[in-house]
Structure formats: structure tokens, C-alpha cells
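Written below as C-alpha cells is the structure these notes are about.
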């Protein structure tokens, strides 16, 4: 059975990416990161989603000793979303940006894929309803593919590990509809950047989620 | 003062890269990885080299839960060098290869560089006297530069973090000569893949080092 590494954050995008990978017939190995994120409960969500999907998972603990992101530092306030930040990449992306986060995650996924002979890496990156992070954009993934071709043994031997971003051009509502169809357990997912017991409803991530469910004409089980 | 991140392993290549960076006027921040390597004493070497050079350093601990490299797994025998492996990339590179190692290291360096506003990342990669690892080759670094352009905020804003590989086309003897000139404390460096108290003299890394000192007509202080 062909194998895939799935980057699983615990949010609804990565959960949907996992169910897409399963639906395409991959044996999925989920990679979950404990990187000091403020919303640490997403790790528990990711674990539960992997278990629900009956997939193996690894939780990798990494510590970024540098500062500057509100997602890693409780002293920095997480901003509320503004319309200008919602749909395009600007120089003023929110302070929730963690420099190089997806680059780091992908590099571990690549190492894992090469070690176990996986053919693909799935990542739920999205460049439509997103906070403008550079490492969520299609151009970045195109560039990263060349790193695989040149920097791994598999790449040198002419084979390839494919990086698959099935959600990159979808709106949040479309992602939710796909997820619904595939049976993604939305009740187990977690999106809010703040680490409280209930979604705050005000951060980027909550706003995108709420609007997505509204546009998909579905109810978010987390708000039930 | 312009800043650079220097990937410091404790070997003589990365130590020389550090001294080149210093010589070019950079304030150097060294990044050292504790990644479960068998030759863990190289971490101590790296720390001492950074201290000797009066540079700040961070030691990042990362655990790769996947298997398959003799550098991470004591149960796998570290091979002795053969001539066919010494000068070109083959499909049969030694089992000391750690999938994606430099890709992972670079991704952390990139995150660090972006967080602290460093202009450059120095890495002592070498594609002449090396074990054929794909992530030591010039083409890989060219590909990785595009990841920076597309996947970081700095790249998007038109600025750049330069990845500098000043040793990539040099022989080990040439590296040793440059290092000697710049005052690299070779007595603090460590190259042997085996974790004993003295260099084994038989692994790839020892062979390249011995030959380098011999060709440079210098004595290796580790063998004094």
C-alpha cells in the first residue's frame, strides 16, 4: 500500500487533507508538531483526529528559541482580523506568523518520507481564506519541490516524493464541504489561535472558520 | 553590524565557515544541533569552537523518530570508506546518510535568520571531499535559495537571506589551509563518526580529514 506523510495540525484544513489522502488510497502516517504554540490544545485535537482516522502518528517536539511571534509568546497580543488582511499577501501579515514554520514542518516530513519510503506528503495549506503567510502560497510549494529533486537520495535517483496541497485554491467553505463529504470529524478539530476552552471567535483563524461554515450552510459542531 | 547564522557541527568544515563569516565582518550566531547523532561529542566541540570565537550559540535538540541511518543508530555499523565513494555521488552513498538532515538544519537557520534579521546563513557544505550526500551539492543550495524567495516574509519583500557555502568547491586540504590562515582552533574540532575518545581513523570522515591534513602538509592536532 502506498504511503503518505500527512502534516496534521489539528485544524480543519489538515484534517480534511488527511481524509483526502486516505480517500486516495494512501496509508497515512501523521506528523504532529509540538512547537510551543500557544493553542497547545490543537495537538490533542490532531492526536484524536489521527486516532479516529485509524492512522499512525508521531508527535515531534521542537523548540524555537527565537522570539517575535504571538503564536509562541503569551506576552504578545493575538490580533483581531481585519478585512485587508483576509484575502491577499501584504507586508503587514499578522504577528501570528512564525518564521519558517511550514518550511521546518516540510523538512521533517521530507526526512520521514525518505526514511519510510513514502511517495507523498500532504499538507493542508490554503492560499484563499488565509492570513497571508508566505509559506502557504503555491509558489513556495513549487520551489520546495525542487529541493526534493536535488537534496534527497530519492530525488537523485529520479524518483520523487510528491508534495500535495489539495486545498490550496479552495475557499474555507469549499474545504468544509469536501470534509463533510469525506466524514472529517469537525467536532475534533481546533482552529482558534487562543488557547482557551472555547473558540474566541475573534482571531483570524476563528473568523475564517465561522465564515466558512456559514457559507457552506453547515453548523460548526464546536459552537453547538 | 550585519548578522549571520552559522550552522556549526563541530567539524572542521563548519568551524572554518564560522571563521570565514567572522572574517567577512558578520556578527555570527551559531546554531548547533543535538539530533541524536552517535558522535555526540561533536556538540561539545561545536560549543567550544563558538566560545573560542566569542560568538553566541543556540543548541537545538531535535529527535528524528525514524530509523535507517548508522549515524543515529548504534546497531548499524558505520562503514569504512572505499575509493568509489570518495569523489562522486552514487546511489550507494554510505549508511551514515541522514535523510533530509541539511534540509532540516537549513529550515531552522532560515527561521532564526528571519526572526533576528540576519542577512546570511553560512554552512560548511562541501561537494569535493565528501560522502556523496545529496544535501551537500551546489544544485541543492541553488534550489533552496528559491524557497527563501518564495516562502519567507523577507523574500516576499524583495530582500533576501543569502545562503553562503564558501567551501563547497574546495578540497579538504584547501579548507584546512584557509582555516589555518584564519586561526581556526582545529584542536577543538571533531570529525570522527564514531563516538569514542579518539578518532577511529577508518570512517569516511576520518579518512577525508587525515588526507586533507597530509595534503595540506600540516599536522592534525587531534593526532598529536
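Annotations
- In chain A, the longest principal axis of the Cα atoms and the axis of helix A:101-116 are about 30 degrees apart.
- Rh by Kirkwood over Cα pairs, then Stokes-Einstein D for segment A:106-154 at 1.567 mPa s and 4 °C, µm²/s: 109
- Counting Cβ atoms of other protein chains within 10 Å of each Cβ in A:95-102 and taking the mean gives 5.
- Only beta bridges with both residues in the protein assembly as shown are counted; by DSSP, about 5 percent of them are antiparallel.
- With only the Cα atoms considered, segment A:3-223 has a convex hull volume of 115 Å³ per residue.
- Highest mean packing comes first when the peptides B:207-215, A:203-211 are listed by Cβ atoms within 10 Å, giving A:203-211, B:207-215.
- With respect to chain B, whose longest principal axis is taken over its alpha-carbon atoms, helix B:172-182 is tilted by about 60°.
- Estimated distance in nm for a label pair at residue A:224 and residue B:217, the labels positioned 7 Å out from Cα along Cα-to-Cβ: 8.1
- Other protein chain C-beta atoms within 10 Å of residue C-beta, averaged over B:135-141: 4.
- Viscosity 1.567 mPa s, 4 °C: Kirkwood-radius Stokes-Einstein D of the protein assembly as shown over Cα pairs, µm²/s: 57
- Normalised contact order of segment B:3-223, rounded percent, pairs of Cα under 8 Å and 6 or more residues apart: 26
- Average other protein chain Cβ within 10 Å of Cβ, residues A:105-114: 6
- Ranking of B:16, B:150, B:96 by neighbouring Cβ atoms within 10 Å, starting from the fewest: B:150, B:96, B:16.
- Rounded to the nearest 5, the antiparallel percentage of DSSP beta bridges internal to chain A is 5%.
- Within segment B:1-125, the ratio Rg/Rh, alpha carbon atoms throughout and Rh by Kirkwood, equals 1.00.
- Acute angle (nearest 10 degrees) that the helix B:138-151 long axis makes with the longest principal axis of chain B, alpha-carbon atoms: 30
The numbers here are math on the coordinates, done by the rules we state, and not lab data. All values reported here derive from a predicted model rather than from experimental measurement. All Cβ positions, glycine included, derive from the backbone under ideal geometry; neighbour counts span all protein chains shown.
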